[in-house]
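Presented below is the structure to which this report refers.
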Amino acid sequence: MIKQYRLRDYNFRLVIFLIGLTFTGVLLVGSAEPALRNKQFLGMMLGVAIMLIVSLMDFSWILNFYWILYGCNIILLLSVWIFGTESNGASRWLRIGGFQFQPTELSKILIVMFFARFFMEHEENLNTLRTLVQTAILAAIPLMLIFSQPDLKNTITVVILICIMLYLAGLSYKIIGGAILIIVPLVVVFLFIVVQPNQKLIKDYQRDRIMTFLHSEEEEYSDDVIQQNNSVMAIGSGQLTGKGLNNNEVASANKGNFVSESQTDFIFSVAGEELGFIGSAAILIVLFLIICECIRTGWKAKDLSGKLICCGVASIIAVQGFINICVATGIAPNTGTPLPFVSYGLSSMVSLYTGMGLVLNVGLQKNRDYREVGKL
């Protein structure tokens, strides 16, 4: 459902931030892997087109179908479990024609949309046991499907996302305090179990990443820690202004293939080496500004669902960006999380732009007369 809006209400500042950051990503991906530059640029154009279309659709009308969105999300995640293409021990992709699509990326946006409406429907009784149990069950189903792929990083991301949305929806501080008292010991027990040699909670390669981070000085994990060490050296080698895009130095960590997956998980090491501290800081600042624009739009939203959509999308960008940069700089275990709008990955790009389209639509309606989300 597309409505007429006033042009002056459109957040062109946010659009400029997004296109500027994404185009920088195209250049960095092209430097890391020249064959992927055109695909990344086409992904950017597709993402922008989808964002513009979604931004003109009434988000309140879309949220009328929130149970359908939830069902589609479950079907999408189930299809990965049944028909998924396996790579590096994980089945996270669906092959459609000549393209691979990672449904988990879109799933995060669908989860934001569903819980934005669900929490608004239960705004008055959010802190009751019944609503909290319903929330836990509804969240557990997609989480289990994501975890089974296996995809621990996105499982953690979605858990954090739902917790943030639940807090913003008005969760009682008493409940939050009680939850912390329960969750902290559980996390300690979980970590104690997963570091054991014969544990069954996570895959061996996931355990190796954790052990590499905890015991990086041990010879047993020396091969695994090289990737992050090289990433840190690459970032440091760029110094203040960097070596320049597409440099051909033999000593380059990027051109010398000392950092694998530099076009995706370790794109920030390419930025650090080729754009230096100034370029890397600029990327962080633009990411921060995008997050701030989302939050600012959410705070001016006409209702709770709009606020939760904006803050949910902002949370995805913030969490993924934080994890990616922590990994690239060696202060977190290697998780394989892309840097939003910068790393190569059309699934992530298009999904995030879809989320940004929703944010833009929320902003378009901030000055419209308030109305509840209508019933069908």
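The values are calculated or read from the model by the stated rules, or taken from the named source; none is laboratory data. It should be emphasised that the depicted structure is a prediction, and the values quoted were computed from it without experimental measurement. Note that we place each Cβ from the backbone using ideal geometry, even for glycine, and neighbour counts take in every protein chain shown. Just so you know, the surface numbers come from the protein's heavy atoms only, side chains and all, with ligands and any DNA or RNA stripped out. Shrake-Rupley method; radii C 1.70, N 1.55, O 1.52, S 1.80 Å.
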### Query
Which of these, 158, 188, 80, has the largest mean-square fluctuation under a Gaussian network model of the chain (Cα springs below 10 Å)?
188
### Task
Specify the residue with the greatest mean-square fluctuation among 27, 214, 152, computed from a Gaussian network of the chain linking alpha-carbon atoms under 10 Å apart.
214
### Summary
Expressed as a whole-number percentage, the relative contact order of the stretch 111-188 with C-alpha contacts under 8 angstrom and at least six residues apart is 38 percent
### Query
Under a 1.4 Å probe, what is the accessible area of the stretch 60-183 per residue, stated in Å²?
49 Å²
### Task
Just subtract the alpha-carbon distance of residue 173 and residue 292 from 0.36 nm times their residue separation and send over the number in nm, one decimal.
40.4 nm
### Task
Set the Förster radius R0 to 30 Å, insert the Cβ-Cβ distance between residue 67 and residue 96 as r into 1/(1 + (r/R0)^6), and round the FRET efficiency to 0.05.
0.75
### Among the listed pairs 243/307; 174/300; 200/307, those beyond 32 Å (Cα-Cα)
243/307; 200/307
### Task
Keeping the other protein chains in place, figure out the carbon and sulfur percent of the accessible area of the chain, with a 1.4 Å probe.
67 percent
## Note on the structure
Quick P(r) readout (the stretch 1-67; Cα-Cα; 10 Å bins; whole %) gives 18, 36, 27, 16, 2
#### Entry: Rh (Kirkwood; distinct C-alpha pairs) - the chain, Å
21.7 Å
### Message
Test of understanding: extend the Cα→C-beta vector of residue 35 to 7 Å, then name every residue of the stretch 315-356 with backbone N under 20 Å from that spot.
### Response
343-347
### Task
Assuming a ≥ b ≥ c are the square roots of the Cα gyration tensor eigenvalues, decide whether the stretch 122-250 counts as rounded (a/c under 1.5), prolate (otherwise, with a/b larger than b/c) or oblate.
prolate
### Query
Given the Cα-Cα distance of residue 134 and residue 322 and 0.36 nm per residue of separation, how much length would full extension add, in nm?
64.7 nm
### Query
residue 93's amide H: which non-local residues (gap 5+, or another chain) put their own amide H closer than 5 Å, with H modeled 1.01 Å from N in plane and none for Pro or chain starts?
85
### Estimated FRET transfer efficiency (residue 53, residue 215; beta-carbon r; R0 45 Å; 0.05)
0.35
### Summary
Given Cβ charges of +1 for Lys and Arg and -1 for Asp and Glu, the option among 155, 71, 176 whose Cα lies farthest towards the positive end of the dipole of the stretch 67-178 is 155
### Summary
Quick calc, residue 241 & residue 144: beta-carbon distance into FRET formula, R0 51 Å, rounding 0.05, result 0.60
### Task
Exposed loop trypsin sites (Lys or Arg not before Pro) only (DSSP loop, at most 11 other Cβ atoms within 10 Å): please give the longest stretch of the chain free of them, not including the sites.
7-199
## Note on the structure
About its Cα centre, the chain carries a charge dipole, from +1 on Lys and Arg Cβ atoms and -1 on Asp and Glu Cβ atoms, whose size in debye to the nearest 20 is 1500 debye
### Query
Distances over 21 Å make up what percent of all Cα-Cα pairs in the stretch 25-134?
57 percent
